[in-house]
Amino acid sequence: MHRLIVIAVCARLALEAWGAYGATPGSTEFFHHGACDASAAVALSDRAFVVANDEESWLRVYLRDESGSAVWSMDWGPSLEVDPAHPETDIEGAARVGEMIYWISSHARNKEGKWRESRHRLFATRIEGTGSRAQLKPVGRPYRRLVDDLARHVPLRDLDLAQASQLAPKEEGALNIEGLAAGRDGTLWIGFRNPVPGGRALLVQLLNPAGLIEGDAARLGEVVRLDLAGRGIRDLVWTGRDYLLVAGSFDGRGKSRVYRWAGPGHEPRRVREIDLADFNAEAAIVFPGAGGEECYLLSDDSAREVEGVPCRELGMAGLRSFRSLRIR
């Protein structure tokens, strides 16, 4: 009986949230139902975006500026050849290059510090269809050897990433990837939430993502270390003229901050006008046609309580939701 009451109350609050945020003229915050912990996303069109979360392998498509459920969804676990005993892939970053979307998992141990093979994936999907009818198809094979490549990369040897990969992701100095962004000429930038060497956020250039998913070994390039006030990278996205960075502490303490970065050779600039308050920003999106001025942040709301119940513990997927926030 108690559980039924909790579900009923949660359903009422969810409907109230839809009304409060989805229907209010001028609203900038929206609720998207089906998952709590948005962790990676890209725009598919000027209205639709696709999002992953870090506790399962589903990809879901939602509409911007609307609260509600996904208009398309698919479990990507079979394509990623996950371990059936431990299928969580912990997808944390995404970047669009043309009609291709590259996705990256954390490549970290789980929160208990246990090694899980399924959390070591870099994979690609191709966009088919347009607007809200867009769907994704797998391309190539998921790549699984990125940690070995990073550990051998000469500019990173002082960090001993082989040893860092043995630690739980929120331990100081551990390996934990959370960001991915398009670079120039089909390259990608990989952003690390951890480690934060010398208090600086770490970015590594991946030169051959297209070849990598076809079986080539990863070729790594430039390494950048940014001053984000001791924070690591939670996400980054190319706006059309610079990068929007979401920065957060490696151990989950404190608030996230938003920065703009013009690329290598430039220092990041904090966007002080954005106060995230209780918004746990973990992913960023720029929609085409927005001129780089209108962006969206997505919140990992797994710990956000609904009538005293954390979102991650809600028994019905329809009651789970994450928020998006339109910013300028």
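No value in this document is a laboratory result; all are computed from the given coordinates. Treat the numbers as computed from the prediction; the structure is a model and nothing was measured. Heads up, the Cβs are rebuilt from the backbone with ideal geometry, glycines too, and the neighbour counts pull from every protein chain shown.
Cα to Cα, under 12 Å, and not fewer than 8 places away if on the same chain: which aspartates and glutamates meet these conditions relative to Lys114?
Output for Lys114: empty list, no partners.
Which net charge results for the neighbourhood of Trp238, defined as the other residues with beta-carbon distances under 10 angstrom from its beta-carbon, given Lys and Arg at +1 and Asp and Glu at -1?
+2
Checking the cross-link filter: which aspartates and glutamates have an alpha carbon closer than 12 Å to that of Lys137, excluding same-chain neighbours under 8 positions apart?
The reachable aspartates and glutamates, counting only those whose Cα sits under 12 Å from Lys137, are Asp75, Glu99, Glu128.
In deg cm²/dmol and to the nearest 500, what is the mean residue ellipticity at 222 nm of the chain if only DSSP H runs of at least 4 residues count, each as -39500 (n - 2.57), divided by the residue total? Please list the in-between numbers first.
Numbers: 4 runs with 31 residues, N = 328.
The helix-only estimate for the chain comes to -2500 deg cm²/dmol at 222 nm.
Between 0 and 90 degrees, rounded to the nearest ten: what's the tilt of helix 2-17 against the longest Cα principal axis of the chain?
Approximately 80 degrees, to the nearest 10.
Please report, for the Cα atoms of the chain, the Rg to one decimal and the Dmax as a whole number; what are they, in angstrom?
Using the Cα atoms of the chain, the pair Rg, Dmax is 18.7, 61 Å.
Taking K and R as +1 and D and E as -1, what net charge do the other residues with C-beta under 13 Å from the C-beta of Leu207 add up to?
Result for the neighbourhood of Leu207: -2.
Amide H of Asn208 versus every other amide H placed in the peptide plane: which residues, excluding those fewer than 5 positions away on the same chain, fall under 5 Å?
Residues meeting the criterion, in which the H sits 1.01 Å from N, are Arg219.
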